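Reviewing the structure listed below.
Where a number appears in this text, it was derived from the coordinates with a stated rule and is not lab data. Everything quoted here is computed from the prediction, not taken from an experiment. With ideal geometry, Cβ positions are generated from the backbone for all residues, glycine too; neighbour counts draw on all protein chains shown.
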Amino acid sequence: MTLKNLMFLLLVICSVSIISCKKVPERIGNTIQPESSYIRVSFTGTQDIYAETQRVDSLSTKSANYMLLGDMYDPVFGNSNLGFYTQLSLTTNGHEWGENPVADSVVLQLTYSNYYGDTTQQQIVRVYEVTEDMLDTTYYSNTILECGDEIGYHQFFPRPKTFSNFEYDTINTAVLRIPIDTMVAYRFFHDEEANFTSNTAFTDYFKGIHLKCDDTGGTGSICYFNITNSNTYMRVYYHNDSDTSFYDFDVTTSNIRYNYFEHDYEAAVSPIRFNDSTDNRYLFLQGAAGTRAFIKFPNLAQWAADLNTNVLVNEAKLVMKSAPAVIDGAINDTATFRPPTQLVVVKVNADGSYSTLPDQYVGTNYYGGTFKNGEVWFRISEYIQDLILAGPDAENYGIYLYVNAGSYNPSRWVLNGPDYADSTSMLRLDLIYSEIDD
């Protein structure tokens, strides 16, 4: 049987396995070749693995699952300041404020979802009115919109796990309440009623808000907010000649909203060396459009060609382990700065974009990427087989390694690179293969 026919048979077997929902094979080809024919080899070190840390230019963060807010300092990654922009919506069209309305207070309430970092340090949040139209287009993590004057200011200690109760509301969840200048309410009272006839009219009139935090001067934290939750709104408390009431402006899934991220890596104790493969002791991964790793196996196809036989990849596993507690004099605090629960690896295309690896379609249990006991592995057997079949003269654009859900996930991880001093803990590619004669 030729290698071509063998690979076709393998593809059919894998497809049937997926469709019939049977147990996913641990190794590609493990039902074709007896284990006695397997050969094991590991590729390690800079001679086998090219790797470098790169900055992520930006990510699309429009309509992310969570909006992020806070200022945080990490001695390994430097300073991160995360905020967001969002539109607000009417809860009813054509609301009337009554005769002689008076604003009692205005509060922007945000529903906590989670946090990252040290919540024992105080944050200062500022709210600005957006003065530029928020369009139905792609917004990236570095997109800046024009804003007017500050309309809100609040000093707070994040309490993402503490249920909140207030005079007007009993809320069985954790929320942050930010006072807003009552002049916003008076504008609403006295400006054209036509501005409140529909959401389109309202967002043309009041385009949105932008939230960001001041530098904490310490460790700080990032808070996740579910701003489409029913407990998230801007509420105007008011009274008129006949009644005392309130009116809510909320955030719906139809509203335009996106995260905005800033990272200052020069503020780290020992700044990360980007796009530099000469010192690969460590690789640095950070969500929230922070950093990624670029990895390539430059000599793999030539190694296979030098065997002078056909190579069938039974399993190829990329194995990564956590860096030590101190990195170049900086404390690598993984208790405060929790590693991500899931990573993702993608194939780099010729133009620098990326696409899904074929291995990912097999399923998460097969593909891997889950952080466990200080280690992450990916099974990339089909990708490696493709590299070998393409031959040593084919272009090899490598792979990117990211924190999963980076548009709303600020977590980070440092892993040992191919230049790490301990060969048992460095980045490696474990390969199990068979030699197949025509």
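Per the Debye formula on identical point scatterers at the alpha carbon atoms of the stretch 201-266, with no solvent, log10 I(q)/I(0) at q = 0.12, 0.24, 0.30 Å⁻¹ is -0.52, -1.21, -1.45. Rg over Rh for the stretch 67-255 works out to 0.98, using Cα positions for both radii and the Kirkwood form for Rh. Each Lys and Arg adds +1 at its Cβ and each Asp and Glu adds -1 at its Cβ; summed about the Cα centre, the chain shows a dipole of about 1700 debye. Temperature 4 °C, viscosity 1.567 mPa s: under these conditions the Stokes-Einstein estimate for the chain, based on its Kirkwood radius over C-alpha pairs, is 53 µm² per second. Helices meeting the span-like rule in the chain (full DSSP H runs, Cα extent of at least 20 Å along the helix axis, mean Kyte-Doolittle score of 1.6 or higher): 3-19.
So which of Lys212/Lys347; Lys212/Lys317; Lys62/Lys347; Lys212/Lys296; Lys321/Lys347 end up more than 30 Å apart by C-alpha? In this structure, Lys212/Lys347; Lys212/Lys317; Lys212/Lys296 lie more than 30 Å apart at Cα. In this simple spin-label model, placing a label point 7 Å from the Cα along the Cα-to-Cβ direction at both Ala394 and Asn373 gives a separation of 3.5 nm. Annotation note: GluC sites (Glu not before Pro) in the stretch 339-400 located in DSSP loop regions with a Cβ neighbour count of at most 10 within 10 Å are Glu395. Hull volume per residue, based on the alpha-carbon atoms of the stretch 312-434 and their convex hull, is 141 Å³. Using a Gaussian network model of the chain in which every pair of alpha carbons under 10 angstrom is joined by a spring, one finds that among Ile39, Ile256, Ile227 the greatest mean-square fluctuation is at Ile39.
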